[in-house]
Amino acid sequence: MSKKVMHKAATRGHANHGWLNSHHSFSFASYHNPERMGFGLLRVLNDDEVAAGMGFGAHPHDNMEIVSIPLEGELAHKDSTGNSKIIQTNEVQIMSAGTGLTHSEFNHSKTDPVKFLQIWVFPKERNIEPRYEQKAFRPEDRVNQLQTVVSPDKNGDAIWINQDAWFTLGSLKEGFSEEYKVHKPGNGVYAFVLEGEVEIDGEKLGRRDGLGISETEAFQIKASGDAELLLMEVPMQ
């Protein structure tokens, strides 16, 4: 029998700083909920909207895998390893903070907001050399199929993460149905609906709802309508 935890969109933490409008699926900054300290080794899932020309100034991190997925607009990235990049929709960015780095993330546009997901996962190996990677993924390759964008396979098509974790995206048409098989025993999956309606293991989810599912080897995904879905598979301990 699988174990499940449901987080409806409206129950997330929320902070509106004017330049930043952020919803937190798990405890973050001034939002603290002891029952929401993460899902397994998934620690942060922030749904951020940053106003035109604004952003996060240089700040430090260490020993965290940080994934950014732009949903709308362009994100300008700079870090202390010498990277200066623009991240666009259909691209995914990862930083292994490792022994420590500083970075900044700004809205590249002076006229339009940027919307992106900021995701933190605890690393498998601590104190590695900081690293950065970003990659574009073809949106047509996730229509009615699950497209792996993050994985622990250094030689695969996805970007590499220093953890036994797999992130997949799907642009699912109404009526789509598929079984998701967990890659590694003991891992759980946190499903996050970007748009539309999905049924996962019999649970109905709407826009920005999250569902953590663990203690199972597989589960069924059904699209109740057209939907955009992100699945984050992570070790549970």
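We did not get these values from a lab; they are worked out from the coordinates using the rules stated. Since the model is a prediction, treat every value here as computed from it, not as a measurement. With ideal geometry, Cβ positions are generated from the backbone for all residues, glycine too; neighbour counts draw on all protein chains shown.
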* Within region 167-186, can one find any residue that is surrounded by 21 or more Cβ atoms within 10 Å (Cβ to Cβ), touching a Ser or Thr at 6+ places or on another chain (Cβ under 7 Å), more than 19 Å from residue 134 (Cα to Cα) and of a type outside the set (A, V, I, L, M, F, W, C)? -> no
Examine region 122-141 for a residue that is free of Cβ contacts under 8 Å to residues at least 40 places away in the same chain and part of a strand (DSSP E or B), and state whether such a residue exists.
no
Scanning region 34-46 for residues that are over 12 Å from residue 120 (Cα atoms) and surrounded by 14 or more Cβ atoms within 10 Å (Cβ to Cβ) gives 36
Taking region 142-159 and the residues there that are under 11 Å from residue 92 (Cβ atoms) and either hydrophobic (A, V, I, L, M, F, W, C) or in contact (Cβ under 8 Å) with a residue 60 or more places away in the chain (or both), the one that is surrounded by the most Cβ atoms within 10 Å (Cβ to Cβ) would be 150
Expected output for region 37-56 (first residue more than 25 Å from residue 165 (Cβ to Cβ), partner among the acidic types (Asp, Glu) and not in a strand (DSSP E or B), Cβ below 9 Å, 6+ apart or cross-chain) is 52/112
Among residues of region 50-96 being of a type in the set (Val, Ile, Thr) and over 19 Å from residue 233 (Cα atoms), the residue surrounded by the fewest Cβ atoms within 10 Å (Cβ to Cβ) is 86
*asked:* Against the condition of a type in the set (Lys, Arg) and farther than 16 Å from residue 193 by Cα, how does residue 154 come out, does it pass?
replied: yes
